[in-house]
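K.L.:
Once you've had a glance at the structure underneath, I'll fire off some questions.
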Amino acid sequence: MAKIATLITDMFEDVEYTEPAKAFNEAGHELINIEKEAGKKVTGKQGEAVVTIDKGIDDVNPDEFDALLLPGGFSPDQLRADDRFVTFTKAFMDAEKPVFAICHGPQLLITAKALEGRDATGFKSIQVDMEYAGAKVADKEVVVCQNQLVTSRQPDDIPAFNRESLKLLENK
């Protein structure tokens, strides 16, 4: 089973973390929540989910993980201002490990300059940014690129996002 790093901070979109986390856990995968410091609690923007941080970004190495989850909301935009999270994200793309990014999650991929030539999608307001970053953007519920990158647009797309993410993990 996969060990999945999750980059997350306050104001994440609640269901874009809780629903994939539930699906991954039910399939036997392990999620490790990463922010600036271990033990901190972060709260979703809807106030429905509170997540305890397992590891600080300085205490982890991308080599320890099999895949990366990037939930949306305001979390990815905050995290991409810190080069440590951008470097961590880029390492997964460079190593061709599975990356699952929903809604605003691709903002970390934009800042990591990891979307050029990739098929992807994201929330409507960042699709132009993704195009400027070199992605071929499709406005559909889920896009799987090169058997590595799974992206979706919004909470309504979560069933397709989870299905394709789990399928990709099964084949790795």
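The values are calculated or read from the model by the stated rules, or taken from the named source; none is laboratory data. Since the model is a prediction, treat every value here as computed from it, not as a measurement. Heads up, the Cβs are rebuilt from the backbone with ideal geometry, glycines too, and the neighbour counts pull from every protein chain shown. Side chains are part of the model used for accessible areas, which takes the heavy atoms of the whole protein and leaves out ligands, DNA and RNA. Shrake-Rupley method; radii C 1.70, N 1.55, O 1.52, S 1.80 Å.
K.L.:
Which one of CYS145, ALA95, ALA67 is farthest out on the positive end of the charge dipole of segment 3-171, using unit charges on Cβ (Lys, Arg +1; Asp, Glu -1) and the Cα centre as origin?
P.N.:
Value computed over the given set: CYS145.
K.L.:
Roughly what % of DSSP beta bridges within segment 16-101 run antiparallel, to the nearest 5? Walk me through the intermediate numbers first.
P.N.:
Numbers: 3 of 8 bridges.
Once the DSSP bridges in segment 16-101 are tallied, antiparallel ones form about 40 percent.
K.L.:
I would also like to ask the following. Within straight cross-link reach of LYS172, meaning Cα distance under 14 Å, which aspartates and glutamates are found once same-chain residues fewer than 8 apart are removed?
P.N.:
ASP66, GLU96, GLU164
K.L.:
Under 17 Å between C-alpha atoms is the cut-off here; go through segment 1-87 and count lysine pairs that meet it, provided they're at least eight residues apart or on different chains.
P.N.:
Within segment 1-87, the lysine pair count is 5.
K.L.:
How large, in percent, is the carbon and sulfur part of the accessible surface of the chain at a probe radius of 1.4 Å?
P.N.:
After summing per-atom areas, the C and S share lands at 44 percent.
K.L.:
Given Cα pairs under 8 Å that are at least 6 residues apart, what percent is the relative contact order of the chain?
P.N.:
20 percent
K.L.:
List every residue whose amide H lies under 5 Å from the amide H of PHE123, counting only residues 5 or more places away in sequence or on a different chain, with H placed 1.01 Å from N in the peptide plane.
P.N.:
HN-HN under 5 Å from PHE123: CYS103, HIS104.
K.L.:
Separate question: State log₁₀ I(q)/I(0) for segment 65-113 at q = 0.26, 0.28, 0.33 Å⁻¹ as given by the Debye formula over alpha-carbon point scatterers of equal weight, solvent excluded.
P.N.:
With one equal scatterer per Cα and no solvent, log10 I(q)/I(0) is -0.93, -1.07, -1.35.
K.L.:
Still on this structure, I have one more. Hey, got the dipole for the chain? About the Cα centre, +1 on K and R Cβ, -1 on D and E Cβ, debye to the nearest 20? All intermediate terms of the calculation are to be shown ahead of the outcome.
P.N.:
Numbers: 20 positive and 31 negative charges, 37 e Å.
That gives a dipole near 180 debye.
K.L.:
Quick one: length gained pulling GLU37 to ASP94 fully straight, 0.36 nm per residue minus the C-alpha distance?
P.N.:
Working: separation 57, 0.36 × 57 = 20.52 nm, distance 2.51 nm.
Difference between extended and current length: 18.0 nm.
K.L.:
Gain in length, GLU131 to LYS172, computed as 0.36 nm per residue apart minus the alpha-carbon separation, to one decimal in nm?
P.N.:
My answer for the length gained is 11.9 nm.
K.L.:
Can you tell which of GLY39, ILE4, ASN25 lies farthest toward the positive end of the dipole of segment 1-45, using +1 and -1 charges on the Cβ of basic and acidic side chains (Lys, Arg; Asp, Glu)?
P.N.:
Toward the positive end, the furthest listed residue is GLY39.
K.L.:
Nearest 5 percent is fine: what portion of the DSSP beta bridges confined to the chain is antiparallel? Before the final figure, lay out the partial values.
P.N.:
Numbers: 7 of 26 bridges.
Expressed as a percentage, antiparallel bridges in the chain total about 25.
K.L.:
Charges only on Cβ, +1 for Lys and Arg, -1 for Asp and Glu: so what's the dipole of segment 21-81 about the Cα centre, in debye to the nearest 20?
P.N.:
The dipole magnitude comes to about 360 debye.
K.L.:
Still on this structure, please answer the following. Keeping every protein chain present and rolling a 1.4 Å probe, give me the accessible area per residue for the chain in Å².
P.N.:
About 45 Å² of surface per residue is accessible.
K.L.:
At 7 Å along Cα-to-Cβ for each site, give me the label-to-label distance between VAL50 and ALA81 in nm.
P.N.:
The answer from the label model is 2.4 nm.
K.L.:
Determine, for each peptide in 157-166, 71-80, the mean count of other beta carbons within 10 angstrom over its residues, then list the peptides with the highest first. Numbers along the way, then the final one.
P.N.:
Working: 157-166: 20.1, 71-80: 23.7.
In descending order of packing, they fall as 71-80, 157-166.
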